[in-house]
Amino acid sequence: MALAVTRLALIGPPGAKTAEVADRLAGAYELSSISTLDAVQSAVRAGSELGDDLRRFINAGQVPPLSLIAAIVQRRLGEPDAVDNFVYWTEVPVSPVLRSLETLRIQVVELVLADAEATRRLTGRRMCRGCGKVWHVESSPTLIEGVCDRCGSELFHREDDFPAAVAHQLSVYHKHSAPVLAHYRAAGLLISVDATHPTEEIATELTSRLARS
């Protein structure tokens, strides 16, 4: 089963496993899985003009303009390994960046996850100080509370996963995602998928909805 569209953009709130879904689709259909961070790092490593511009802002302690980030993302998605086959994903749906992708004729996919479920997923995470593996107090608990099953090191609760921090992340997500999603919905370029299911099931549903015989 092939995909009718091979230029995808995945938008999901923190906790929606956007990266995992993107990677699964990329592996199944030989698409390049690319995030904003990937694009930025690639531009800097390549020593491109855009990368040099970005470095100047960073070195000066300034926030790079979103127009520059959008140009960097567009350039990365136009490289040979991604030009016709990519899945671009982000949990920070900055409007200027995503709106700039319209010229690439992309299909936008929204991973829908209620704030309560996102909060449960994020606040329950615990990270191992030794090997870095992430556990969850409900969905993937360790045999001994606070101790990593893999290496025996202590688990800790990251500050980013504290309730107040998670609430802020979700607030920022909704603020920035609403206009982007509304725009692509009006253009008939938005598919919404329930992200409460396991990653494999989400990818399977997406495959079905994007398939061509």
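Please treat every number below as a calculation from the coordinates, not as lab data. Being a predicted model, the structure only gives us computed values, none of them experimental. Cβ placement follows ideal geometry from the backbone for every residue including glycine, while neighbour counts extend to all protein chains displayed.
For the chain, what's the relative contact order in percent, using C-alpha pairs closer than 8 Å and at least 6 residues apart?
Values: 322 pairs, mean separation 65.7, N = 213.
This gives 31 percent for the chain.
Relative contact order, percent, of region 111-213 when contacts are C-alpha pairs under 8 Å separated by at least 6 residues? Don't skip to the answer; put the middle values down first.
Details: 92 pairs, mean separation 28.3, N = 103.
Normalised by residue count, the contact order of region 111-213 is 27 percent.
Pop out the Kirkwood hydrodynamic radius of region 148-195 from its pairwise C-alpha distances, inverse of mean 1/r, in Å to one decimal.
Numbers: mean 1/r = 0.0718 Å⁻¹.
One over the average 1/r among Cα pairs gives 13.9 Å for region 148-195.
Which value, in Å³ per residue, describes the convex hull spanned by the Cα atoms of region 5-83?
Cα-based convex hull of region 5-83, divided per residue, equals 108 Å³.
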Item to check | Largest-first principal axis extents of the Cα set of region 103-146 (Å) | outcome: 51, 25, 13
Item to check | Among beta bridges that DSSP assigns inside region 1-135, antiparallel share in %, nearest 5 | outcome: 15 percent
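Stretched out fully, how many nm does the piece from A167 to T103 gain, at 0.36 nm a residue minus the Cα gap?
Stretched fully, the A167-T103 segment lengthens by 19.7 nm.
Over region 47-163, calculate the relative contact order: mean separation of alpha carbon pairs under 8 Å at least 6 apart, over the residue count, as a percent. It would help to have the intermediate numbers written out before the result.
Numbers: 89 pairs, mean separation 19.4, N = 117.
Reported relative contact order: 17 percent.
Taking only Cα atoms of region 119-213, what ratio of Rg to Rh do you get with Rh as the Kirkwood inverse-distance radius? List each step's numbers first, then the result.
Details: Rg = 17.9 Å, Rh = 16.2 Å.
My calculation puts Rg/Rh at 1.11.
Quick check: convex hull of the Cα atoms in the chain, volume per residue, rounded to a whole Å³?
Once divided by residue count, the hull of the chain is 146 Å³.
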Checklist outcome for this item: Residue-ordered couplings for region 81-86, obtained by feeding phi - 60° into the Karplus form 6.51 cos²θ - 1.76 cosθ + 1.60 and rounding to whole Hz (Gly and Pro as x), are 7, 10, 3, 10, 9, 8
Checklist entry - Using alpha-carbon positions, what is the distance between the centroids of region 146-213 and region 1-19, in Å? => result 10 Å
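Quick one: length gained pulling H183 to S48 fully straight, 0.36 nm per residue minus the C-alpha distance?
On the way: separation 135, 0.36 × 135 = 48.60 nm, distance 3.14 nm.
Result for the pair: 45.5 nm of gain on full extension.
Kindly put C128, C151 in sequence by how many other C-beta atoms sit within 10 Å of each C-beta, fewest to most. Provide the component values of the computation, followed by the final result.
Numbers: C128 20, C151 12.
Ascending number of Cβ neighbours within 10 Å: C151, C128.
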